[in-house]
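Working notes for the structure below.
Read-outs throughout are calculated quantities, based only on the coordinates presented, and are distinct from any laboratory measurement. On a predicted model such as this, the values are computed, not experimentally measured, just so you know. Counting neighbours? That spans all protein chains shown, and the Cβs are built from the backbone with ideal geometry, glycine included.
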Amino acid sequence: MRTPAAGVTLASLQAGVQPRLEKVKHELRRSVASDFPLISEVNGHLLQMQGKMFRPTLLLLAEEASGAQDPRAERLAAVIELTHLATLVHDDSVDHSVLRRGMPTINALFSHQVSVIMGDYLYSRAMVELTRLDDLEPMRVMARVTNEMTVGEMRQLMAHEPLDFSEYEYDLLIKAKTASLLSAACELGALRAGARERDALRRFGEQLGMAFQIVDDLLDYTEQETVTGKPSGNDLREHKVTLPLIYALDRLTPAARAEVATLMKTAEPDDTQISRVIALVAEAGGLDYARGRGQRLAEGADQALDELPPSPARETLRDSITYVLDRRR
């Protein structure tokens, strides 16, 4: 893997495609517009909560790096962001989360029922936009991915014994829930390129997406609420077992493992319990192991880009790997 670029920010990744991202935002606002008052009100809040446009950025960079020259790219990028928003709304509903990026979630501000229906609305709007392209290929990609994400969510719900959750199961989960959409974004950008470029970018997106989720899970152990916009240790509060804990569990003493089991059985663990388990995971090497796995996945993403011809867009995609590994929120 090449020497990582220094000081990579999302703004630096987006600089070369910023005018195109403005078109994506326009497509996004157009596609969710509704005359139904409640939908219109919820949309207003959703667009305020709108994320960093990382997935649309990857799609546009992939389109340029692959040489696809696809005039539909901005609309496809809006479809990716709509789908991403839908997954966030549904995730918040399933988890009963009250905050997202420091703002009230849809289910907190409106209701759980509105949140579920709004997620469905966003998915349906994405499908409407795809059908307007009159091309089955992007629909095939998105149908496959939305199915994978749904199965991934179900896989998480069915994990009844959190302390028995294996690294293999964790990989299946993050590949489905997170990596599949980043992979789709990169693949959709290359739909009109050659098969080699399309496959390389699909693999790049998948490896990057898995690294992205591992870093996100690490942040839950290492960053404070003021940085992430959500409580530190929130996954533990929700009894979610992620890679740092999975690795640590087999290396804990019976007494330490019993502390973790007690936390998992406590409906609302307090800050002392959370801090204690975070410390145990760190002492057992769980954080270092997760960082190492993220780095190895990043190397795989970097290698996939070697199959693309040299271009500024390809190098910006390489910079996105550094951004994913170094991000703090």
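Please identify every one of the GluC sites (Glu not before Pro) in segment 64-142 that sits in a loop by DSSP and has no more than 10 other beta carbons within 10 Å of its own beta carbon.
Here no GluC sites (Glu not before Pro) fit, given the DSSP loop and packing criteria.
Along the positive direction of the dipole of segment 10-324 (beta-carbon charges: Lys, Arg +1; Asp, Glu -1; about the Cα centre), which of SER31, LEU10, ILE117 reaches farthest?
SER31
5 Å is the cut-off here: which amide hydrogens, built 1.01 Å from N in the peptide plane, fall below it relative to LEU99, excluding neighbours closer than 5 in sequence?
THR105
Helix-only estimate, please: 222 nm mean residue ellipticity of the chain, summing -39500 (n - 2.57) across DSSP H runs of length 4 or more and dividing by its residues, to the nearest 500.
Per the formula, -23000 deg cm²/dmol.
With +1 on the Cβ of every Lys and Arg and -1 on the Cβ of every Asp and Glu, and nothing else charged, how large is the dipole of the chain about its Cα centre, in debye rounded to the nearest 20?
Here the size comes out at about 600 debye.
Answer with one residue from GLN69, LEU130, PHE54: the one whose Cα lies farthest towards the positive end of the charge dipole of the chain, charges on Cβ with Lys, Arg +1 and Asp, Glu -1.
GLN69
What list of ³J(HN,Hα) couplings, whole Hz, do you get for segment 62-74 from phi and the Karplus terms 6.51, -1.76, 1.60, once you set θ to phi - 60° and write x for glycine and proline?
Values per residue, Gly and Pro as x: 5, 4, 5, 5, 7, x, 5, 6, 9, x, 8, 4, 5 Hz.
Counting only C-alpha contacts under 8 Å and six or more residues apart, can you give the relative contact order of the chain as a whole percent?
22
Tally Lys/Arg at +1 and Asp/Glu at -1 over every other residue whose Cβ is under 12 Å from the Cβ of ALA304; what's the total?
-2
Once you keep just the Cα pairs under 8 angstrom separated by 6 or more residues, what percentage relative contact order results for segment 133-275?
Answer for segment 133-275 is 21 percent.
Could you tell me which of the pairs LYS23/LYS175; LYS175/LYS265; LYS52/LYS175; LYS25/LYS240; LYS52/LYS240; LYS25/LYS175 are separated by over 23 angstrom between their Cα atoms in the structure shown?
Pairs exceeding the cut-off: LYS23/LYS175; LYS175/LYS265; LYS25/LYS240; LYS52/LYS240; LYS25/LYS175.
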